[in-house]
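As structure tokens, the structure follows; a few thoughts come after it.
The values are calculated or read from the model by the stated rules, or taken from the named source; none is laboratory data. The structure presented is a predicted model; accordingly, all values stated were derived computationally and were not measured. Virtual Cβ from ideal backbone geometry, glycine too; neighbours counted across all protein chains shown. With ligands, DNA and RNA removed, areas are computed over all heavy atoms of the protein, side chains included. Shrake-Rupley method; radii C 1.70, N 1.55, O 1.52, S 1.80 Å.
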Amino acid sequence: MERIRTLVFAGGEIHNYKACGAAIKDALSEREEFEITYMEDDLNVLTKLDPYELLVFYYTVGSLTDEQKLGLLNWVASGKGFVGIHSAADSFRDCPEYRAMIGGHFVTHPRYRPYQVSVVDPNHPITEGLEEFMVEDEQYILDYDPRVNVLCTALYRGKAMPVAWTKEWGKGRVFYLALGHDEKACRHEMFKLLLQRGALWAAGRLG
């Protein structure tokens, strides 16, 4: 089977996107299914996505031109795969269409700390065979579309908040993973496993 033509894109403010982008690329490179192109910071790439089947996106804040927005949203809707990581839910705050595509948006976060992640959909191919696990990361508290398929959660002030979900956008598949604040978090074994499986699922190669 042909390898998945994958664009890993990192950029934006606040987070160390260079270190996180490198860790994300390394994690996907462990799987032979991905043929990876890596790019940073120039959002005009969103108007030139036709060569790719999968976009793995680590970005914070910023804004989209109409051409960039339509390039991304129409590309995903045509049947492609999108993986949004951590601050991808805090990008393009003035773009409701992007927020609708990814399935939610960042509200706040507690301090960086250890916390437990629970698997709430053990039958999904991304989380099959997984149970609770511990991470040390920045927990994102999210406002999200109740129609997304939540795979994992973590408690915040007694309430379960999503850590990973899937959804559809047109004919495309979207996987969002809230973990991955810094390089250490992006090199955690469970982050890597969820990223790899989520990317395969988004590309239509898993389940």
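Using the alpha carbon gyration tensor of segment 51-96, what are the three equivalent-ellipsoid semi-axes (square root of 5 times each eigenvalue), largest first, in whole Å?
Details: eigenvalues 61, 39, 12 Å².
They are 18, 14, 8 Å, listed largest first.
The order of the peptides 134-146, 71-83 by mean Cβ neighbours within 10 Å, most packed first, is 71-83, 134-146. For the chain, modelled as a GNM whose springs connect Cα atoms under 10 angstrom apart, the maximal fluctuation among 156, 17, 52 occurs at 156.
So what is the relative contact order of the chain, in percent, for Cα pairs below 8 Å that sit 6 or more residues apart? Before the final figure, lay out each step's value.
Working: 473 pairs, mean separation 46.5, N = 207.
Answer for the chain is 22 percent.
Note: relative contact order over segment 92-203, using C-alpha pairs below 8 Å and six or more positions apart, is 24 percent.
Here the Karplus relation 6.51 cos²θ - 1.76 cosθ + 1.60, evaluated at θ = phi - 60°, turns the backbone of segment 115-130 into coupling constants of 7, 9, 9, 10, 8, 9, 10, x, 8, 6, x, 6, 10, 4, x, 9 Hz, with x for every Gly and Pro. Can you give me the Cα centroid spacing of segment 70-95 and segment 137-174 in angstrom? First find each Cα centre; the distance between them is then 15 Å. A helix-only calculation puts the chain at -7000 deg cm²/dmol for mean residue ellipticity at 222 nm, using -39500 (n - 2.57) for each DSSP H run of at least four residues, averaged over all residues. Each residue of segment 63-185 gets 111 Å³ once the volume of the Cα convex hull is shared out per residue. Can you flag which of 69/184; 159/184; 25/80; 80/184; 48/192; 80/167 are past 24 Å Cα-Cα? Going by Cα-Cα distance, 69/184; 159/184; 80/184; 48/192 fall outside the 24 Å limit. Across the accessible surface of the chain, with the other protein chains kept in place and a 1.4 Å probe, carbon and sulfur atoms take up 46 percent. Ordering of 167-176, 32-41 by packing is 167-176, 32-41, highest average first (other Cβ atoms within 10 Å, averaged per residue). Surface analysis of the chain yields an accessible area of 45 Å² per residue, using protein heavy atoms and a 1.4 Å probe.
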